[in-house]
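The structure appears right after this line, and notes come after that.
Every number in this text was worked out from the coordinates using simple rules, so none of it is lab data. Because the structure is predicted, anything quoted here is derived from the model rather than measured. Heads up, the Cβs are rebuilt from the backbone with ideal geometry, glycines too, and the neighbour counts pull from every protein chain shown.
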Amino acid sequence: MKNPAEIYDIIKSNFPDGIFELNTSLPVEPLIQVNPMKIHVVSEFLRDAEELKFDSLMNLSGVDDANGERISDENGNEIIKGGTLSVYYHLHSFRFNHKITLKVSAPRENPEVESVENIWKTADWHEREAFDLIGIKFINHPDLRRILMPYDWEDGSHPLRKDYQNPEFYQGMKVPY
Amino acid sequence: MFEFLSDLFGSQIIAAFISAALPLVFIVPFVIFAVWLERKVSAHMQDRLGPMRVGWHGWLQTIADFFKLLQKEDIVASDTDKKFFNVAPYIVFAGTYLVFAALPFSSAYIGTSLDIGLFYIIAVSGLVVIGILMAGWASNNKYSLYGAMRSAAQIVSYEIPTAIVILSIVMFTGTLSLSEISDNQTAYFWNWYIFGGPDWGLTKFLVLPFMIIGFLILYISTLAEVNRTPFDMPEAESELVAGYHTEYSGIKFSMFFLAEYGNMFAVSAIVSVIFFGGYQSPIGYLGDALAANWLIPFEQLFWFAAKGIFFVFVQMWLRWTLPRVRVDQLMTLCWKYLIPYSIVNLIIIGIITLI
Amino acid sequence: MALKTQELVLNMGPQHPSTHGVLRLELELEGEVVTKVIPHLGYLHRCFEKHTEAMTYPQVIPYTDRMDYLASMYNNFGYVVAVERLLGIEVPERVEYIRVIMGELQRIASHLVALGTYGLDIGAFTPFLYLFRDREHILNLFEITCGARLLYNYMWIGGLSHDIPSDFVRLTKEFISYFKPTITELNELLSYNKIFIERTANVGILPADTAISYGITGPNLRASGVQWDVRKDDTYSIYNRFDFEIPVGKGWFGTLGDCWDRYYVRVLEMEESLKILEQAIDQIPEGDVQSAIPKRIKPPVGTIYTRVENPRGELGYFIISDGSVNPFRIKVRAPSFVNLSVLNELCKGHLVADVVAILGSIDIVLGEIDR
Amino acid sequence: MREYLKNTWLGIWTVLVGMKITFKHLFIPAVTIQYPDVKVPLPERVRNRLYVNMDDCIGCDQCARACPVNCITIETVKGLPTDDLGITSNGKKKALWVTKFDIDFAKCCYCQLCVFPCPTECIYMTDIYEFSEFKRNDLHYNFSTLSTDEGEEKKLNWEKFQAEKEAQKAAAAKQKAEKPAPEKKESTDKSKSAGE
């Protein structure tokens, strides 16, 4: 059983070059911020390190941070430019019964995050869901399809983004009918 | 019966039609009753009430359902093989119907009193497979096809233990004629073959346990032949939706239904003829006691129907108790359990018969 | 001429008797042997997560009811625990006791449906109706308490919508004494039936390490021999006060982690729930169930991930608050969603009939998968 | 071989045990009822169709705001000072004409969230659960006691009143600028007559 600060120190000592930062200012949950291109290496380390053994990924959630600039496009709809999309990883170790939260943030215009599908199989469907609803691209994911929305849903349209506009038509049918 | 009718009408053609139509007089009311019984038995076993609205305790429900089915649209999907699709339910029904021709309902009525009655029944009940395969293939539906293929494998396999058990009985009795087998077990239940047959002596007691085993094997394998739970592979609802009759609706569907329930009675009747004295009364005849000979055939008809319905009830009872076996376990049960047991049983009964 | 062979693709669902809702399974078959299962989800997608962005915190509760509609009470439970932790409020003792009682009743009710429909998948119709009959008793208890039978909206942030009625304790005790013998009856009728054992033992074996890698939780994980229960190991509410066991699979009739184990762990869990109920029902303290409900629910900026032991596994709520009355983002880690993902692994090399058995033993609820 | 015989025995025995149980249940009274003829008595707290007692409604819109699915639509018009809107059962004086109080039961999710905030307890759940309709629009219930015309009328009245008030205000302001004191009394008289 280790507390987040200890875990952070272990990661920091093993990966000195990544962009890491421990955020404990938020109430309730401390976060470790990780570079999106390094997340798979860090995850593998977290899973395999003898004193950590994070063998289970409890949850993986994509989040639209909506921290960009709100502007109006040509149709008068409000869209968000800039800012980030984030992925939160909640890890848990069955052996030591300790937990940690990782967070990666990727730029909104090109949200690319390394996949952790080959480290925890749980991530497979969760990453598909994050891709489907938020539009985060997981690099090296073997099967990145939509999962909850129809497969023929308009490309690049991800409903959980804060600036999502309802489509007027779906397959020639007016929505809402 | 046919001879009697041809004497009566003086025309063999009319006699043939009438004697051919007679089983229908029995099957249709029986199915109406059996469907109602199935519903009520299942309902009460499950702490439910079942149909209660149409008539007393819903006894007219089946008739209401029959009229509903008649009104239903006869859906034929565009990619089905129309000819086979349309004809399949009737073939299935015909297979069932043919069995009824050889059943001895009473000493006075038997469709055709064949000397090779048992052989005929085994042969004819295989016809059902053709209908089911036809239905499954013509439906052009993967589920139907699976159901049909399973059904074919199942019915063909389970005919073997059936035949072997029947063979052991044939050895023991020395006849293939159903009416003769029935006649042998005259009145009183201790004369039934399940209790070792009418001849008193050492044989009767030696053969008794093996007759019970034979009965169990026959009952289980006939249960499989009529596709009832736990062997309802072809229409396994939770896997294959409705198996070979997934695509059928309306009156054609009711034809399958009719065939299924008719079949249930047919195999129950065979079991009762072979082991439980067929139309013979277990406790003697009222007709004998009153010296009214004309009463006896009616009493016999009553006992035949009662025994048949009792075994149908047991089939229902099993259905609402047991889960369904898997398709490979079905084959395991047949080839690894029933057939070895029935062969050993055959040998032992054979030896007992010799001594 | 060589015969051409082709793999058969069978679409099971979305309209199929035993996919437990509108799930489509694309089965690739060789004969009747499954080589691959591809689940297609989303037929019941109701945009729960999008909806919550426009709701205030208390308004989300009716929506959580509708995720796992067989364990609505527990969905409420998980959500209110999460928001209370975010707000940092303590709830009165009485509320905690009533929540645990309701939660365990709900667990029994949910397992009854799981076991019943599992019997139905295998082809046994009668146990299904016996178990539904027993479930009705629990629903009656819920109905006299909060007026609804399926979608309760009973647990509120900081309290409960209603106090329990005066005869609730008596009726619950009656139910406990009524329910015990019916478990025995279920075991005799279904669990130990030879055909049922043959159908389920040694089918769909899930080893513990695969289960952990796939994030399987709840009875499915415990059936693989991992003694893990959020109620005990990451405790919430007042579960640490009660004395109960965590049943694990032992490979009774076959291999550890087969379908029969998954089925039987649920039966044992119902007995453990009864134990908790018996302890809790005698100890309910007096008090006001609405005293701790905040007037205005406006959590501070922050994130929280809270998990509870839903009847189907670990139900997690990940809530991000931006300090307004509406949640910024709520992500639900639905246990069925995660548990279903292992289906392909379990079904390979089994028959079509086993797919039904395996799917039933995972015990999914589509409302939760698609949210 | 032993395994084989054991399997056979278990197969037969467990089937017989199951049959015993189901047979026993044949003679246990059914637990189901004949629904439309026999009905289960509903408990006191049952949550079914909503009912609004319009005599008590003060048009405060709290229920509509609490509703998670927005199935309640309320429109109100302010009553004129001279109008007698009656008082609610807990003694409050009503100030608003509720011209529209619609509940769409096709949307309603029976969560009871609207019931709790109501200050006069005029919206509550009843035990009526058989209200299915053939058309979705028929599930749209209007609770307002005022007809559409009456509602329009009230609206017009209010607008007229408002306009006059404005006019008076303007006039008053004008007069105030000219000669402040004596005109005040007159203007209140005027507004009264306008209200009537």
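So which trypsin sites (Lys or Arg not before Pro) in segment C:20-73 are both in a DSSP loop and have at most 15 other Cβ atoms within 10 Å of their Cβ? Working shown, then result.
On the way: sites: C:Arg24, C:Lys36, C:Arg46, C:Lys50, C:Arg66; in loops: C:Arg46, C:Arg66.
Answer by residue number: C:Arg46.
If you take the square roots of the eigenvalues of the alpha-carbon gyration tensor of chain D and sort them as a ≥ b ≥ c, do you get rounded (a/c under 1.5), prolate (a/b over b/c) or oblate?
prolate
For segment C:273-336, taking Cα atoms only, what is the radius of gyration to one decimal and the Dmax to the nearest whole Å?
Every Cα atom of segment C:273-336 included, Rg and Dmax give 16.3, 42 Å.
Restricting everything to alpha-carbon atoms, can you work out Rg to Rh for chain A with a Kirkwood hydrodynamic radius?
1.03
Rank these for me by crowding, C:Leu115, C:Leu70, going from fewest to most other beta carbons within 10 Å. Write down the numbers at each step before the final one.
Numbers: C:Leu115 25, C:Leu70 22.
By the 10 Å Cβ count, ascending: C:Leu70, C:Leu115.
Do the sum for chain B: with -39,500 (n - 2.57) for every DSSP H run of n ≥ 4, divided by all residues, what is the mean residue ellipticity at 222 nm, to the nearest 500 deg cm²/dmol?
Per the formula, -22500 deg cm²/dmol.
Counting only complete DSSP H runs, which helices of chain D cover 15 Å or more along their long axis at the Cα atoms and score a mean Kyte-Doolittle of -1.0 or above?
Result, helices passing both filters: D:2-26.
Can you give the calculated 222 nm mean residue ellipticity of chain A, where each DSSP H run of n ≥ 4 adds -39,500 (n - 2.57) and the sum is split over every residue, rounded to the nearest 500 deg cm²/dmol?
Working: 3 runs with 32 residues, N = 177.
It lands at -5500 deg cm²/dmol.
What is the count of Lys pairs in segment C:232-371 whose alpha carbons sit under 27 Å apart, if the two are 8 or more places apart or on different chains?
Working: C:Lys232/C:Lys250; C:Lys232/C:Lys275; C:Lys232/C:Lys331; C:Lys250/C:Lys275; C:Lys250/C:Lys348; C:Lys295/C:Lys331; C:Lys298/C:Lys331.
Lysine pairs satisfying the spacing and distance rule in segment C:232-371 number 7.
Could you compute the FRET efficiency for D:Ile12 and A:Glu109, with r as their C-beta to C-beta distance and R0 at 56 Å, rounded to 0.05?
My answer for the efficiency is 0.20.
Could you tell me which helices of chain C pass both thresholds, a Cα extent of 27 Å or more along their own axis and a mean Kyte-Doolittle hydropathy of at least -0.5, with helices taken as whole DSSP H runs?
Helices meeting the span and hydropathy rule in chain C are C:93-122, C:126-146, C:259-283.
I'd like to compare D:125-136, B:132-143, C:270-281: which one has the highest average count of other Cβ atoms within 10 Å, and what's the full order after that?
So the peptides D:125-136, B:132-143, C:270-281, ranked by packing, come out B:132-143, C:270-281, D:125-136.
Please compute the average number of Cβ atoms from other chains found within 10 Å of each residue's Cβ in peptide C:214-221.
For this peptide, the per-residue mean of nearby foreign Cβ atoms is 4.
Quick one: check the C-alpha center-to-center distance for segment B:166-183 versus segment C:188-229, whole angstrom.
Computed from Cα coordinates, the inter-centre distance equals 51 Å.
Separation between the A:Asp48 and B:Phe298 pseudo-spin-labels, each 7 Å from Cα along Cα→Cβ, expressed in nm?
9.1 nm
Under a point spin-label approximation (7 Å from Cα along Cα-to-Cβ), what is the D:Arg65-C:Glu7 distance to one decimal in nm?
Result for the modelled spin labels: 5.8 nm.
Would you work out the relative contact order for chain A, in percent, from Cα pairs under 8 angstrom that are 6 or more residues apart?
On the way: 318 pairs, mean separation 33.4, N = 177.
Answer for chain A is 19 percent.
Near C:Lys36, which aspartates and glutamates are there with a Cα under 12 Å away, not counting those fewer than 8 places off in the same chain?
Cα-Cα hits under 12 Å: C:Glu7, C:Glu26, C:Glu28, C:Glu345.
Taking a ≥ b ≥ c as the square roots of the Cα gyration tensor eigenvalues, with a/c under 1.5 meaning rounded and otherwise prolate when a/b beats b/c, else oblate, which class fits the protein assembly as shown? If you can, show how the numbers build up before the last one.
On the way: a/c = 2.35, a/b = 1.73, b/c = 1.36.
Since a/c reaches 1.5 and a/b is larger than b/c, the shape of the protein assembly as shown is classed as prolate.
Tell me which chymotrypsin sites (Phe, Trp or Tyr not before Pro) from segment C:242-293 have a DSSP coil assignment and no more than 16 other beta carbons within 10 Å of their own.
Those satisfying the criteria are C:Trp252.
Would segment D:18-133 count as rounded, prolate or oblate if I go by the C-alpha gyration tensor, calling it rounded below 1.5 in a/c and otherwise prolate when a/b exceeds b/c, oblate otherwise? Can you show the working numbers first?
Values: a/c = 3.76, a/b = 3.09, b/c = 1.22.
Note, shape of segment D:18-133 comes out prolate.
What does the helix-only formula give at 222 nm for chain C: each DSSP H stretch with n ≥ 4 adding -39500 (n - 2.57), the total divided by the residues, and the result rounded to the nearest 500 deg cm²/dmol?
Numbers: 15 runs with 174 residues, N = 371.
Result for chain C: -14500 deg cm²/dmol, rounded to the nearest 500.
Using DSSP to define loop residues, name the trypsin sites (Lys or Arg not before Pro) in segment A:145-177 whose beta-carbon has at most 14 other beta-carbon atoms within 10 Å. Each step should come with its number before you reach the end.
Details: sites: A:Arg145, A:Arg146, A:Arg161, A:Lys162, A:Lys174; in loops: A:Arg145, A:Arg146, A:Arg161, A:Lys162.
The qualifying sites are A:Arg145.
Just from the alpha-carbon atoms, what are the Rg and Dmax of segment B:73-354 in angstroms?
Final numbers for Rg and Dmax: 19.7, 66 Å.
Using Cα centres only, tell me the gap between segment C:264-296 and segment B:27-60 in whole Å.
When both Cα centres are located, 43 Å separates them.
In degrees between 0 and 90, to the nearest 10, how far off the longest principal axis of chain A does helix A:39-48 point, with axes built from Cα atoms?
Rounded to the nearest ten degrees, it is 40.
I'd like the distance between the alpha-carbon centres of segment B:218-263 and segment D:78-129, rounded to an integer number of Å.
That distance is 58 Å.
Past the 23 Å Cα-Cα mark, which pairs from D:Lys78/D:Lys165; D:Lys94/D:Lys154; D:Lys107/D:Lys154; B:Lys142/C:Lys4; A:Lys137/A:Lys162; B:Lys204/D:Lys24?
Numbers: D:Lys78/D:Lys165 14 Å; D:Lys94/D:Lys154 15 Å; D:Lys107/D:Lys154 29 Å; B:Lys142/C:Lys4 18 Å; A:Lys137/A:Lys162 17 Å; B:Lys204/D:Lys24 34 Å.
Exceeds cut-off: D:Lys107/D:Lys154; B:Lys204/D:Lys24.
Counting only other chains, and only Cβ atoms inside 10 Å, what mean value do you get across the residues of D:24-35?
Taking the mean over all residues of the peptide, I get 5.
Compute a Gaussian network model of chain B, connecting alpha carbons closer than 10 Å, and tell me which residue from B:Met149, B:Met264, B:Met45 fluctuates the most.
With Cα springs under 10 Å in chain B, the top fluctuation among B:Met149, B:Met264, B:Met45 is at B:Met45.
Evaluate the distance, in nm, between pseudo-label points positioned 7 Å from the Cα of B:Val28 and of B:Ile351 along their respective Cα→Cβ axes.
5.3 nm
Give the average, rounded to an integer, of partner chain Cβ atoms located within 10 angstrom of each Cβ in B:48-54. Write out the running numbers ahead of the final one.
Working: counts 6, 6, 2, 0, 4, 2, 0.
Mean partner-chain Cβ count within 10 Å for B:48-54: 3.
Only four residue types carry charge here, +1 at the Cβ of Lys and Arg and -1 at the Cβ of Asp and Glu. Report the dipole size of the protein assembly as shown about the Cα centre in Debye, rounded to the nearest 20. Write out the running numbers ahead of the final one.
On the way: 102 positive and 129 negative charges, 196 e Å.
Here the size comes out at about 940 debye.
Reachable lysines from B:Lys68, Cα under 18 Å, same-chain residues fewer than 8 places away excluded?
B:Lys252
Report, in degrees rounded to the nearest 10, the 0 to 90 angle that the Cα long axis of helix B:295-319 makes with the longest principal axis of chain B.
50 degrees
When only Cα pairs under 8 Å and 6 or more residues apart are kept, what is the percent relative contact order across chain B? Don't skip to the answer; put the middle values down first.
Working: 557 pairs, mean separation 77.9, N = 355.
Across chain B, relative contact order equals 22 percent.
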